[in-house]
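Working notes for the structure below.
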Amino acid sequence: MSKQYKFLGGVHPSYNKHFTRDLATEELPLQSSYVIPLSQNIGAASVPLVDRGDQVLKGQMLAEPGGFVSVPIHAPTSGKIKKIDMYPHPSGRSMMAIEIKPDGEDKWIDGIGPLRDYENMDAEAIKKAIWDAGLVGMGGAAFPTHVKLSPPKEKPIDILILNGAECEPYLTADDRIMVERTKDVVEGAKLMAKVLGVDNIIIGIEENKPESVQKIREVAGPDIRVESLHVVYPQGSEKQLIYALTKREVPTGGLPMDVGIVVQNVGTAAAAFDACAYGKPLIERVMTVTGKGIKEPKNLLVRVGTLISDIVEYCGGMHEDTVKAIMGGPMMGIGQHTLDVSVVKGTSGMVFLTKKESTLYTSEPCIRCASCVDACPMGLLPTVISSYSVNSMFDSCESYNALDCIECGCCAFSCPSHIPLVQNIRRAKAEILASRKKAS
Amino acid sequence: MIISAVITLAVLGMIAGIGLGIAARVFAVKVDPRVEQIEAVLPAYNCGACGYAGCSDYAKAVAEGQSVNLCAPGGPNTVAKVAEIMGAEVTEQEKMVAYVLCAGTDSLAKKKYLYNGVADCNSANIVAGGDKQCGYGCMGLGSCVAACAFDAIVIEDGLARIIPEKCTGCKACVSACPKNIIHMIPASRAVHVACSNLDKGPAAKKACSVACIGCKRCTKECTNDEIVMDESGNLAVVDYSKKLQVSAPASVCPMNTILVIENEFTEPIVDPAPEEEETATQEERA
């Protein structure tokens, strides 16, 4: 039955979810310091409203949106603003962030708490609650949710898809959210569907999460379609998920709304429920800390701004031969060069790999085997784009649709010559966008 | 029979020949004879420094009125010859060479991670700004070397160095560098602040043992703002429009960031003679 829910291409890396799949989410205790970056989403960075020395309460707005495609940022705990300065950022460069010294009270700001009559909120009220809570896509892309739920009138929407695929190896955060907060996920989906004005909700979950599938099916009821998806990477990629569930193809250079669909992560749905039901801002999330390189793998509920070094300590520390710390999954995550970075709203996990698991490669010439072509879920020719990129022929890269590349890594994963295809294609994309900007 | 075949071919040949002769006159393209003359004196590097697609393209542009002064790689001799053909004025151009404003070799500058990727600076720059702790410094992977058509750049201990004697001033390396730390400098200048780090002193020092820490001692050795601090206030910058021919800024620099590099093009360093200073002290004593 799940065979019909797939797309072209894709790869099957070892999933390694056994490290944390059956571990209940633990709450990370209050730490001694929080560093909250002002840039945690696609779009404009947020603008600070506080100054050094200010006392803040938990859930208080620390920074306001820097534009429409931007969100507010809230304090993860009560305390004093220590500094607003440049700090290491998960992207690898240093960026502005607010450092808070907790006072230990963990006191909420007024107005957050008792259950509200969320079922009778209208679409505008729900959208406002979502924006005020600072919601961004929690699957990793961190696109402001209120913007995604505001498609222009020319793009009518008829389906809301909830993304419970979690196709990255090692990560089990979404799995735990679906098992532990099933009702919140489903209610959140209904709230978001109300904003969009759609009746058709589909929840897609990879079939390697049988408990999640069963629980969500029970709670969702007969009006919501819950599908068990074929296990393949990148099943959780928006465009691939849409094709697998509806056979609709997002046009090149387009967005899901071009085919009448909006996709949201299950974690975002649960956060949307929190925002509407309790007025709770997005200040914490579930993440998976895993891999052979960490002594005690866990699923943790952590606050935004928690330092990875603190999390590593809580999980027993790294093994001596740990060489790689990846924020996200091993396919698309970002390698970190320091643990002094913080959890941001889109942090789904940290994967720690040992020396044996992280081979240093040397590239050989392309043998024209087309493994990359077979694997590409977007139907591109990675070997061609990469060759043009290496020779700085970026116009040719553009004509081979380099901008449609989702950087999923299937091509590099399949290449028997270990050619860094994704890096070459990323270079091409950067050059194409830069020359477009120059031309305009 | 043979004769008729020969005659037929001869007649056909004559018709074709006359036809071609007429066509050559009627459809002749008027070529400015100067274009060929100019192209003959240009160096045929086809490097693009003039902004045109190769030497023949520039020759055509000059014949149509473009400036005769654009071929820097050809040097003053070439410019003079082109000017002669066009009957135009030659403006004195100072010889410019490219210089990499960084001294952070692998031995002196720290790395923040082990980079295992494409051996190209522009590609490595995508990965957290490169593997150097100093986010501004030379990445040493050779994008500039690949861009240079004159073999004028070498990578030594992870740092790019331009050989002034080979540099033609074509500027290809300037646009190839993703950190934008290659600058065109008058070849006569010998004193350089070999750093581009804009971070505050302590952070710069942590990243590299020859970084500029913004102490400003060099600026105090200057009488006419030959070295000034940049906008951030953290980096000393030489104003190359002014002549700086003393070695004092280099000797007072606590980080050995300022280098005096002399070659066949540089004007000699003229330091104040030590005897004059002793005489002054004697006078003061008297």
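The values are calculated or read from the model by the stated rules, or taken from the named source; none is laboratory data. These figures come from a predicted structure and were not determined experimentally. Quick reminder, even Gly has a Cβ in these numbers, built from the backbone with ideal geometry, and neighbours come from all protein chains shown. Note: areas computed on protein heavy atoms with side chains; ligands, DNA, RNA excluded. Shrake-Rupley method; radii C 1.70, N 1.55, O 1.52, S 1.80 Å.
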Of all the strands (runs of 3 or more DSSP E) wholly in region A:214-317, which have at least 1 residues that are buried (at least 24 other Cβ atoms within 10 Å of the Cβ) and in contact with a Phe, Trp or Tyr (Cβ under 7 Å, 6 or more places away or on another chain)?
-> A:225-229, A:284-290
Would you pick out the residues in region B:159-180 that are crowded, with 17+ Cβ neighbours inside 10 Å, touching an Asp or Glu at 6+ places or on another chain (Cβ under 9 Å) and at pLDDT below 95?
-> B:164
Looking at region A:196-213, which of the residues that are assigned to a helix (DSSP H, G or I) and touching a residue at least 40 places away in the same chain (Cβ under 8 Å) is most open to solvent (accessible area, probe 1.4 Å)?
-> A:196
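Among the listed residues B:241, B:247, B:232, B:251, identify the single one that is touching a residue at least 40 places away in the same chain (Cβ under 8 Å) and among the polar types (S, T, N, Q). So that I can check it myself, show each step before the final result.
On the way: B:241 fails: touching a residue at least 40 places away in the same chain (Cβ under 8 Å); B:232 fails: touching a residue at least 40 places away in the same chain (Cβ under 8 Å); B:251 fails: touching a residue at least 40 places away in the same chain (Cβ under 8 Å).
Going through B:241, B:247, B:232, B:251 in turn, just one is touching a residue at least 40 places away in the same chain (Cβ under 8 Å) and among the polar types (S, T, N, Q): B:247.
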Of residues in region B:219-243 being out of contact with any Asp or Glu (no Cβ under 9 Å at 6 or more places or on another chain) and not in a loop (DSSP other than H, G, I, E, B), the one nearest to residue B:272 (Cα to Cα) | B:220
Within the bounds of region A:384-406, is there any residue that is within 21 Å of the chain's Cα centre (by Cα), away from every other protein chain (no Cβ under 14 Å), surrounded by 22 or more Cβ atoms within 10 Å (Cβ to Cβ) and not hydroxyl-bearing (Ser, Thr, Tyr)?
-> no
Determine, yes or no, whether residue A:374 is of a type in the set (D, E, K, R) and either within 30 Å of residue A:45 (Cβ to Cβ) or in contact with a Phe, Trp or Tyr (Cβ under 9 Å, 6 or more places away or on another chain) (or both).
-> no
Helices (runs of 4 or more DSSP H) (entirely within region B:1-94) containing at least 2 residues that are within 30 Å of residue B:173 (Cβ to Cβ) and touching a Ser or Thr at 6+ places or on another chain (Cβ under 9 Å) = B:33-41, B:75-86
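What tally of residues in region A:408-417 results from selecting those that are away from chain B (no Cβ under 12 Å), open to solvent by less than 50 Å² (accessible area, probe 1.4 Å) and in a helix (DSSP H, G or I)?
So the first thing to find is which residues in region A:408-417 are away from chain B (no Cβ under 12 Å), and the list is A:408-411, A:413-417.
Restricting the remaining residues to those that are open to solvent by less than 50 Å² (accessible area, probe 1.4 Å) gives A:408-411, A:414-415, A:417.
From what's left, in a helix (DSSP H, G or I): A:410-411, A:414.
Of the residues in that region, 3 qualify.
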Filtered residues of region A:295-327 (kept if within 14 Å of chain B (Cβ to nearest Cβ) and of a type in the set (Gly, Ala, Ser)) | A:325
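Please work out if residue B:88 is more than 14 Å from chain A (Cβ to nearest Cβ) and surrounded by 14 or more Cβ atoms within 10 Å (Cβ to Cβ). Write out each step before concluding.
On the way: more than 14 Å from chain A (Cβ to nearest Cβ): yes; surrounded by 14 or more Cβ atoms within 10 Å (Cβ to Cβ): yes.
In short, yes.
Being modelled with pLDDT of 95 or more and open to solvent by 50 Å² or more (accessible area, probe 1.4 Å) is true for just one of B:196, B:209, B:232. Which residue is that?
On the way: B:196 fails: open to solvent by 50 Å² or more (accessible area, probe 1.4 Å); B:232 fails: modelled with pLDDT of 95 or more.
Result: B:209 is the single residue among B:196, B:209, B:232 that is modelled with pLDDT of 95 or more and open to solvent by 50 Å² or more (accessible area, probe 1.4 Å).
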Hits in region A:119-152 - residues which are among the acidic types (Asp, Glu) and within 26 Å of residue A:348 (Cα to Cα) | A:132
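Among the residues of region B:104-138, write down those that are hydroxyl-bearing (Ser, Thr, Tyr) and open to solvent by 30 Å² or more (accessible area, probe 1.4 Å). Write out each step before concluding.
Taking region B:104-138 and keeping what is hydroxyl-bearing (Ser, Thr, Tyr), we get B:105, B:107, B:113, B:115, B:123, B:136.
Result: B:107, B:113, B:115, B:136.
Within the bounds of region A:348-355, is there any residue that is in a helix (DSSP H, G or I) and either of a type in the set (Gly, Ala, Ser) or within 14 Å of chain B (Cβ to nearest Cβ) (or both)?
Quick first cut of region A:348-355, residues in a helix (DSSP H, G or I) only: none.
No, that holds for no residue.
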Every residue from region B:128-158 that is at positive phi and touching an Asp or Glu at 6+ places or on another chain (Cβ under 8 Å) | B:140, B:142, B:157, B:158
Listed by first then second residue, the pairs whose first member lies in region A:418-431 and is at the interface with another protein chain (Cβ under 7 Å from one of its Cβ atoms), whose partner is among the charged types (D, E, K, R), with beta carbons under 7 Å and at least 6 positions apart or on separate chains, are A:426/A:407
Can you find even one residue in region B:181-189 that is open to solvent by 30 Å² or more (accessible area, probe 1.4 Å), out of contact with any Cys (no Cβ under 8 Å at 6 or more places or on another chain) and of a type in the set (Gly, Ala, Ser)?
-> no
Of (1) among the hydrophobic types (A, V, I, L, M, F, W, C); (2) within 14 Å of chain B (Cβ to nearest Cβ); (3) under 15 Å from residue A:9 (Cβ atoms); (4) touching a strand residue (DSSP E or B) at 6+ places or on another chain (Cβ under 8 Å), residue A:375 satisfies every one except (2)
